[in-house]
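Written out below as structure tokens is the structure these notes cover.
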Amino acid sequence: MNAIAIVIRTLSFALAWWVLTEGRGDSWGVGAVTVMFALVVSLVLSPPVRKRISLTGALNFAIFFLSKSIQGGIQVAFMALRPRLDMAPALLEMQLALPPGKARVMLIYTLNLLPGTVCVGIEGDTLHLHVIDSRMHIESEMRMAESRIVRMLRLET
Amino acid sequence: MTILLEWLSAGLLLAGAGFYLAGTLGLLRFPDVYARLHALTKADNLGLGLLALGLALQAESLALALKILLIWPLVLAASAVVSFAIARRAHELGIAPVGQEEEQP
Amino acid sequence: MTSLEWPLAVFLLFNLLAALIRAARGPTAADRMLTALLFGTTGVGMLLLLAHAGNGVSMPLVDTALVLALLAAIAGVAFARLGWRKTEEHHDDPA
């Protein structure tokens, strides 16, 4: 067992408890049991792996994600508020570069929140996307998201 | 300083409400289920994020501020999963998206 | 700055009411489900505003907001996986 992973997870769950109880100190009895229980369940469901995610990669991804979701919100908001609807919806097919598993799931969910894209399905290595405006540079956006996920999960060989 | 925070917070709350309005309008005006998903997953989530940030700035304690902010990533994760589930099902059922029926500029 | 929460909460309530038009029109079950999702995000926003407006007394509303957010998510996925059958789709035409 990876001792560092256990310490990190215990601290994270304890922090979550502290936040959920709004910092009150009178419930740490229940809290301790809950944290232990959460730790055991997390170790069973997702055992620690040797490759931990990259912290700088995660930060980089978070910044990318935040700025893009603001951009996406503004874009859709302008579309909805304009008196005449101006959109060019289309279905696109994209080739996935990421390996199956965690990374792909992450990409799909990220794309759903990024400007202009919603995933409608996946067949083999082909991702089907619905884009709200096909005049946008969807492919480069997707590649940017991909490269950041690769860096965060340390998938580059 | 507190005055500045209050103005910042008020601005964030108002901006958040604006995105909520856009999300609702999008839900009512956009032509098909896919486009409406775009409106909800982008505009409403941003509205909630701004609102939560604005309220967190005024929270009495750090723990409470973090708790309010915690709601945002939870809702984001939830809507990412839900929008994929709904969009995929719609696609499987063969609901065709509305093509470029609006005039090109 | 305590004057903004109530008007904004009422404003969000009107958003909810307007979204009911989409639920009434449909045309697919999914469109109606989208209204339910909007109730999730907008409801969470309203609860947070009211929790703050209540000045300490209504803090449990923050917990309610958390639970509402999670339930809306579960409802949405459960709907897409289990509840939305092909028969629902016959009267589908892009409005």
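The values are calculated or read from the model by the stated rules, or taken from the named source; none is laboratory data. Keep in mind that this is a model prediction, so the values were computed, not measured. Don't worry about glycine lacking a Cβ; one is built from the backbone with ideal geometry, like all the others, and counts go over all protein chains shown. Calculation scope for accessible area: heavy atoms of the full protein, side chains included, ligands and nucleic acids excluded. Shrake-Rupley method; radii C 1.70, N 1.55, O 1.52, S 1.80 Å.
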For residues of A:100-108, the mean tally of beta carbons on other chains within 10 Å:
1
Do any trypsin sites (Lys or Arg not before Pro) in segment C:21-69 lie in a DSSP loop with no more than 16 other beta carbon atoms within 10 Å, and if so, which?
none
Magnitude of the charge dipole, segment B:2-92, Cβ model with Lys/Arg +1 and Asp/Glu -1, debye to 20:
280
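Would you mind classifying segment A:3-45 by shape? Square roots of the alpha carbon gyration tensor eigenvalues, ordered a ≥ b ≥ c; an a/c under 1.5 is rounded, otherwise it is prolate if a/b is larger than b/c and oblate if not. Write out the running numbers ahead of the final one.
On the way: a/c = 2.50, a/b = 1.84, b/c = 1.36.
Prolate, since a/c reaches 1.5 and a/b exceeds b/c.
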Roughly what would the spin-label model give for A:L55 and B:L5, points 7 Å off Cα along C-beta, in nm?
2.8
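Which whole number gives the average, over all residues in C:42-49, of C-beta atoms from other chains lying within 10 Å of the residue C-beta?
Working: counts 7, 0, 8, 15, 2, 1, 10, 6.
Going residue by residue through C:42-49 and averaging, the value is 6.
Between A:Q71 and C:A78, how high is the FRET efficiency from 1/(1 + (r/R0)^6) when r is the Cβ-Cβ distance and R₀ = 41 Å? Nearest 0.05. Working shown, then result.
Details: r = 31 Å, r/R0 = 0.76.
With R0 = 41 Å, the Cβ-Cβ based efficiency is 0.85.
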I'd like the orientation of helix A:28-45 relative to chain A: the angle between its Cα long axis and the longest Cα principal axis, in ° from 0 to 90, rounded to 10.
60
For segment B:8-23 and segment A:30-49, compute the distance between their C-alpha centroids and round to whole Å.
38
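Starting from the residue with the highest accessible area, list A:V41, A:V76 in decreasing order, probe 1.4 Å. Don't skip to the end; give the middle numbers.
Values: A:V41 60, A:V76 0 Å².
In descending accessible area the options line up as A:V41, A:V76.
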Would segment B:1-102 count as rounded, prolate or oblate if I go by the C-alpha gyration tensor, calling it rounded below 1.5 in a/c and otherwise prolate when a/b exceeds b/c, oblate otherwise?
oblate
On average, how many beta carbons from a partner chain sit within 10 Å of the beta carbon of a residue in A:124-130?
2
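Return the loop-located trypsin sites (Lys or Arg not before Pro) in segment A:67-157 (DSSP other than H, G, I, E, B) with at most 14 other Cβ atoms within 10 Å of their own Cβ; answer none if there are none. Could you put the intermediate results ahead of the total?
Numbers: sites: A:K68, A:R84, A:K102, A:R104, A:R135, A:R143, A:R148, A:R151, A:R154; in loops: A:R84, A:R135, A:R154.
Listed in order of number, the matching sites are A:R84, A:R135, A:R154.
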In whole Hz, with x marking every Gly and Pro, tabulate ³J(HN,Hα) for segment C:13-27 from phi via Karplus 6.51 cos²θ - 1.76 cosθ + 1.60, θ = phi - 60°.
4, 5, 4, 4, 5, 5, 5, 4, 4, 5, 4, 6, 7, x, x
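Which helices, counted as full DSSP H runs in chain B, have an axial Cα extent of no less than 20 Å and a Kyte-Doolittle average of -1.0 or above? Before the final figure, lay out each step's value.
On the way: long enough: B:2-29 (40 Å, 1.36); B:62-92 (46 Å, 1.49).
TM-like helix candidates: B:2-29, B:62-92.
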Report A:H137's accessible area, 1.4 Å probe, all protein chains in place, as a number in Å² to the nearest 10.
140
Can you tell me the 0 to 90 degree angle between the C-alpha axis of helix A:102-113 and the longest principal axis of chain A, rounded to 10?
60
